[in-house]
Each structure stands twice: as structure tokens, then as C-alpha cells.
1. Nothing charged except the Cβ atoms of Lys and Arg (+1) and of Asp and Glu (-1): what's the magnitude of the dipole of the range 43-116 about its Cα centre? Round to the nearest 20 debye.
2. Please give the peptides 59-69, 101-111 ranked by average Cβ packing (other Cβ atoms within 10 Å per residue), highest first, as a rough proxy for protection.
3. Mind checking the full-extension length gain between T43 and Q96? Use 0.36 nm per residue of separation minus the Cα-Cα distance, one decimal, nm.
4. Hey, can you grab everything whose amide H is under 5 Å from the amide H of R18? Only 5+ residues off in sequence or another chain; H modelled, so Pro and N-termini drop out.
5. Would you order I100, I93 from fewest to most other beta-carbon atoms within 10 Å of each residue's own beta-carbon?
6. Identify all aspartates and glutamates with a Cα-Cα distance to K51 below 18 Å; exclude those on the same chain that are fewer than 8 residues away in sequence.
7. Just the number: Rg to Rh for the range 54-119, Cα atoms, Kirkwood Rh, two decimals.
8. Around R53, with a cut-off of 14 angstrom between Cβ atoms, what is the net charge of the other residues, counting Lys and Arg +1 and Asp and Glu -1?
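A short reminder: the numbers here are calculations on the coordinates, not readings from a lab. Only a predicted model underlies this, so the values are computations on that prediction, with no experimental measurement involved. As a convention, Cβ positions derive from the backbone with ideal geometry for all residues, glycine included, and neighbour counts pool all protein chains shown.
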Amino acid sequence: MKNKLLSGGLVYSTESGRMCPGCRQPVAQCTCGQKAIPPGDGTVRVSRETKGRGGKAVTLVKGVVLDAAGLTALGKQLKAACGTGGTVKDGVIEIQGDHIEKVMVTLKAQGHSVKRSGG
């Protein structure tokens, strides 16, 4: 029988979502202070997508190496710069509308390495 600590433990729960690997609590209620930062190559990729959205364009920002609170704050700044709504889901910032140029200028001004992805 494998030891629970050696096998990695619980990663996701249908009741509470992602789990912290350190304290085994839901990420929102983490007590150990470990913050899961998604891996990345340091390049932020900005693209436009319409699939599954009834033909409406959405600007996607992927590859930002920040924790959940940092992503939410950056998403808020980008939404304000574009004057539109949006959300942060699974480490991806979604901005409503086709705002690739505005988003790229804003991210470059903050010191990020930015590339346009897709068409």
C-alpha cells in the first residue's frame, strides 16, 4: 500500500474545486501559505477567440505568471483599460470584445514580454 504523502494526495474535489498540495484544504481556504503559480515560459500570449460564444469575440490573455490574486488584479486593470467586462478563469484572463492592441500596449507598459497568438 502506498503512502498518501508519497502518492501526491488529493488535487481536485467536486465539492470544493482545486486543493492545496501542502495543507490539503481548498485553495480558497489554504492555511499553509503555498500559492500554486502556473508554470510558464515568461511570455504572455494574447489572442482573439469566438468559438462557443455565439460569434462574439473575446480577447484571451494566457501565460501570465501570477498567483490567483495577481491575475484578478491584472484582469481588473485590463478591463478598465479597455472599458469593458471580462473574467479570470483557470489562469486565463478573458476580456469581452476584440481589444488585442489595447491589451498588448497595457501589458508592455507593465514590463511583460507579449506576443500575439493565433490569427
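1. Using Cβ point charges on Lys, Arg, Asp and Glu, the range 43-116 gives about 180 debye.
2. Details: 59-69: 18.4, 101-111: 14.6.
The peptides rank, most packed first, as 59-69, 101-111.
3. 16.9 nm
4. S13, V27
5. Listed from fewest to most nearby Cβ atoms, that is I100, I93.
6. Partners within reach: D90, E94, D98.
7. When Rh is taken as the Kirkwood radius, the ratio is 0.92.
8. Every neighbour counted, the sum reads +1.
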